[in-house]
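The values are calculated or read from the model by the stated rules, or taken from the named source; none is laboratory data. Just so we're clear, the structure is a prediction, and the values are computed from it rather than from any experiment. Neighbour counts are summed over all protein chains in view; Cβ atoms, including those assigned to glycine, are modelled from backbone coordinates with ideal geometry.
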Amino acid sequence: SDPGLVERARAAKAALGDRVFVLGHHYQRDEVIQFADVTGDSFKLAREAAARPEAEYIVFCGVHFMAESADILTSDAQRVVLPDLAAGCSMADMAVLSQVEKAWERFAALGIAGDVVPVTYMNSSADIKGFVGRNDGVVCTSSNAETALRWSFEQGSKVFFLPDQHLGRNTAVLKLGFELSDCVLYDPHKANGGLTDEQLLAARMILWRGHCSVHGRFSLDAVQDVRSRVPGVNVLVHPECRHDVVTSADYVGSTEYIIRMIDNAPAGSAWAIGTELNLVRRLALAHPDKQIMFLERNVCYCSTMNRIDLPHLVWALEELVAGRVPNQITVDAQTAHYARVALDRMLALP
Ligand code: 13P
Ligand code: SF4
């Protein structure tokens, strides 16, 4: 990366000292990750944000929903900064509050709302987390989805899972032993969600029709292709991948799990990884004794994660040095209250 910018980022961070804490998601660019005080998956970063009451500014190198969660979990005096406001998440955008409320009204009209526990993946707007908190549900991440679902099925007989159909389906089937037929897909763009009353009454998992545009691209063909090219290869994928990809893989888990697996893998072993490319590239560079490859042949960055680049980070840090707070992410008090209820329930899971 540009040496001038590297030097400016270093100087701005030094000038701010402990007043700033920089969080970096594992999918961030190398040029940005080098300035993160801590790196992590979305679960770890939520915890880290909540554990830094002394930092006046949290600079979140990740996407919008993560910065919102950090604002909810930190004190009112702390400011959360997203270096580029255009760093959103296409999956989070697939669930809009008015659509979710409409689905909930349908459940109420059917007389099942009292049996349904809403669960939202961290990758959702603060609005959706607030809805879930108001309705006695919980947030989950890819590293605690199984625990969150088990807790939810102690509270009610059905789960309404937002917004990632794949994480919901994969966790229910692979971790809880459900049948695929226990899951139905609620499509907000179809009349009645595209589901009959009978389907909703019989379902145990009502999955929102959302997906990750990065992980949704990995295919069963790619798994078969790499297995034929690289004998003995271990296929390791994120649970946001499609069900057929996940069932044909050898290992499935969150980004933190993927990193742990590679850290502990024996020298000489071969790994095809189905997650975002910045992370896979860093893993390959850090483990030259292992054969680490990307599961797809096509390039597959998360375009919104990649919007946070060094120029944006430098700009944000220099603004803070100048006494201005750029791109502050704030969640209104009422939404934050209920979203926090749902987040705290997650953080209290065993
Ligand atoms: P985790 O960080 O929970 O593994 O989620 C991956 C992801 O897609 C984040 O946007
Ligand atoms: Fe959203 Fe997928 Fe990008 Fe994560 S990787 S921010 S879920 S689009």
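Miscellaneous remarks
- Restricting the first member to region 111-126 and to residues that are in the same structural domain as V96 (by TED's automatic domain parsing) and closer than 18 Å to L73 by Cα, and the second to residues that are more than 15 Å from ligand 1 (Cβ to nearest atom) and of a type in the set (D, E), the beta-carbon pairs closer than 9 Å and six or more apart or on different chains are A126/D71; A126/D332.
- Among residues of region 148-200, those that are in contact with a Leu (Cβ under 7 Å, 6 or more places away or on another chain), among the charged types (D, E, K, R) and surrounded by 16 or more Cβ atoms within 10 Å (Cβ to Cβ), counted: 1
- Residue within region 307-325 that is small (G, A, S) and touching a helix residue (DSSP H, G or I) at 6+ places or on another chain (Cβ under 7 Å) present: no
- When region 131-173 is filtered for residues that are aromatic (F, W, Y) and under 22 Å from D93 (Cα atoms), the ones remaining, listed by number, are F131, F160, F161.
- Positions within region 198-216 being not small (G, A, S) and not in a loop (DSSP other than H, G, I, E, B), in sequence order: E198, Q199, L200, L201, M205, I206, L207, W208, H215
- When I262 is tested against (1) surrounded by fewer than 20 Cβ atoms within 10 Å (Cβ to Cβ); (2) touching a His at 6+ places or on another chain (Cβ under 8 Å); (3) not in a loop (DSSP other than H, G, I, E, B), only condition (1) is not met.
- Condition met for W271 (within 16 Å of ligand 2 (Cβ to nearest atom) and at pLDDT 95 or above): no
- Of all residues in region 294-311 being at pLDDT 95 or above and more than 16 Å from ligand 2 (Cβ to nearest atom), the one that is farthest from V245 (Cα to Cα): P311
- Top-ranked residue in region 122-144 [being touching a Leu at 6+ places or on another chain (Cβ under 7 Å) and within 14 Å of R345 (Cβ to Cβ); ranked as farthest from ligand 1 (Cβ to nearest atom)]: F131
- Within region 242-255, considering residues that are out of contact with any strand residue (DSSP E or B) (no Cβ under 9 Å at 6 or more places or on another chain) and in a loop (DSSP other than H, G, I, E, B), the one farthest from ligand 1 (Cβ to nearest atom): R242
- Unique residue being over 21 Å from L279 (Cα atoms) and not small (G, A, S) when the list is L5, L82, L23, L45: L5
- Here P239, P326 are screened, and the one residue that is away from ligand 2 (no atom under 16 Å from the Cβ) and either out of contact with any strand residue (DSSP E or B) (no Cβ under 7 Å at 6 or more places or on another chain) or touching a residue at least 24 places away in the same chain (Cβ under 8 Å) (or both) is P326.
- Residue satisfying condition, being buried (at least 20 other Cβ atoms within 10 Å of the Cβ) and in a helix (DSSP H, G or I), within set A284, A339: A339
- In region 217-241, residue nearest to I273 (Cα to Cα) [restricted to those that are touching a Leu at 6+ places or on another chain (Cβ under 8 Å) and part of a loop (DSSP other than H, G, I, E, B)]: F218
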